[in-house]
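Here, each number is a calculation from the coordinates, and none is a lab measurement. As the structure is a computational prediction, the values presented were derived from the model and not from experiment. Cβ placement follows ideal geometry from the backbone for every residue including glycine, while neighbour counts extend to all protein chains displayed.
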Amino acid sequence: MARVRHKRKPVAEMNVVPYIDVMLVLLVIFMVTAPMLNQGVKVDLPKVSSEALPQDNNVQVLTISIKADKTYFWNLGSEVDTDKQMDKAMTLPQMTDAVTKIISAGRSQGKQTQVFIRGDKSVDYGAVMGAMGGLQKAGVGNVGLITEAP
């Protein structure tokens, strides 16, 4: 009897098991590295040396000071004037209301207001951002940050 040989047909399917293994390894790598991306890097910010900004006579300068205990003070103009300077500590909502009144009074006189934040170096970033948010609610479009010369 003659043996009948059956030829096997080639398998046309692709073996996906190795690809699944590679995908699982990549998934584990992304799961491990994703929390590290949110931590960030510690940065020591440089001190800045620059020239003073030119002053316009039609512009009033409002300086917001933030102390280390997160209390706010404001000073209007380059001179210390008892009418225009608050010498008592304010909270953020009180400061926002005061700035709103100052901005509207300046606009009624035809003056623009430049606003600068002078924050203590030990104040956390959230307090400065809170002040910037309050200034934005008060209608201030541009805010400058005051630094010390090195």
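Run the numbers for residue 143 and residue 28: contour at 0.36 nm per residue of separation, minus the present Cα-Cα distance, in nm.
Full-extension gain reported as 37.0 nm.
Given labels modelled 7 Å from the Cα in the Cβ direction, how far is it in nm from residue 105 to residue 59?
According to this spin-label approximation, the distance is 2.1 nm.
Taking neighbour Cβ counts within 10 Å as the exposure measure, how do 72, 19 sort from fewest upward?
Numbers: 72 25, 19 10.
With the fewest neighbours first, 72, 19 line up as 19, 72.
Structure shown: which of 70/111; 101/121; 88/121; 67/111 lie over 23 Å apart, alpha-carbon to alpha-carbon? Display every interim value, and only then the final one.
Details: 70/111 29 Å; 101/121 28 Å; 88/121 21 Å; 67/111 28 Å.
Pairs exceeding the cut-off: 70/111; 101/121; 67/111.
How long is the gain from residue 9 to residue 129 if the chain were fully straight, where each residue apart is worth 0.36 nm and the alpha carbon distance is subtracted?
Numbers: separation 120, 0.36 × 120 = 43.20 nm, distance 7.07 nm.
Taking 0.36 nm per residue and subtracting the Cα distance, the gain is 36.1 nm.
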